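Bear in mind that the values in this text are calculations on the coordinates, not laboratory data. Because the structure is predicted, anything quoted here is derived from the model rather than measured. Don't worry about glycine lacking a Cβ; one is built from the backbone with ideal geometry, like all the others, and counts go over all protein chains shown.
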Amino acid sequence: MTKNFNILLKIIKYSFKLRCPECGIGKLYEKGFRMYSHCQECGLKYEREQGYFIGVMYINYGATVLLIFPGYFFLSLFTIIPNMLNIGLWCLMSGVFPTFFYRYSKSLWLNIDYTIDH
């Protein structure tokens, strides 16, 4: 159990620091959304084949849904914000959040896949 917990902590730590899943030192991104092809420290190739990062969409979508639905209902139940304003706020968030979270979801996908395969 402790081993699995440590592996999960490693995945989360490397993912949210945007670091290489192998060494934890190399950066995943040059700048913005441009990703390195391999780790500058250990040489791990990040993209294995065409379409490798398709799972990123599932992670990004899931994270967005886990934020938007509870957020909407929380504001609806515990505040006096008009419903149309609440809907507008969460519609805006559903467009902004996935863009912000994209790099992290890509990093999560890479770290999870690497951990499972190695």
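Scan the range 45-69 residue by residue and report those that are of a type in the set (S, T, Y), part of a helix (DSSP H, G or I) and either surrounded by 12 or more Cβ atoms within 10 Å (Cβ to Cβ) or in contact (Cβ under 8 Å) with a residue 60 or more places away in the chain (or both).
Once the filter is applied, which keeps residues that are of a type in the set (S, T, Y), part of a helix (DSSP H, G or I) and either surrounded by 12 or more Cβ atoms within 10 Å (Cβ to Cβ) or in contact (Cβ under 8 Å) with a residue 60 or more places away in the chain (or both), the range 45-69 yields Y52, Y61, T64.
List, please: which pairs have Cβ atoms under 7 Å, are six or more places apart or on different chains, and start with a residue in the range 1-21 that is in contact (Cβ under 8 Å) with a residue 60 or more places away in the chain and end with one that is assigned to a helix (DSSP H, G or I) and of a type in the set (D, E, K, R)?
L18/R103
Please enumerate the residues belonging to the range 23-43 that are farther than 21 Å from T99 by Cβ and surrounded by fewer than 17 Cβ atoms within 10 Å (Cβ to Cβ).
Answer for the range 23-43, where residues must be farther than 21 Å from T99 by Cβ and surrounded by fewer than 17 Cβ atoms within 10 Å (Cβ to Cβ): C23, G24, I25, S37, H38, Q40, E41, C42, G43.
Could you go through the range 86-101 and let me know if any residue there is out of contact with any strand residue (DSSP E or B) (no Cβ under 6 Å at 6 or more places or on another chain) and not in a helix (DSSP H, G or I). Step through it out loud before you land on a result.
Going residue by residue through the range 86-101, those that are out of contact with any strand residue (DSSP E or B) (no Cβ under 6 Å at 6 or more places or on another chain) are 86-101.
Retained after the next criterion (residues that are not in a helix (DSSP H, G or I)): none.
So far as the range 86-101 goes, no, none of its residues is out of contact with any strand residue (DSSP E or B) (no Cβ under 6 Å at 6 or more places or on another chain) and not in a helix (DSSP H, G or I).
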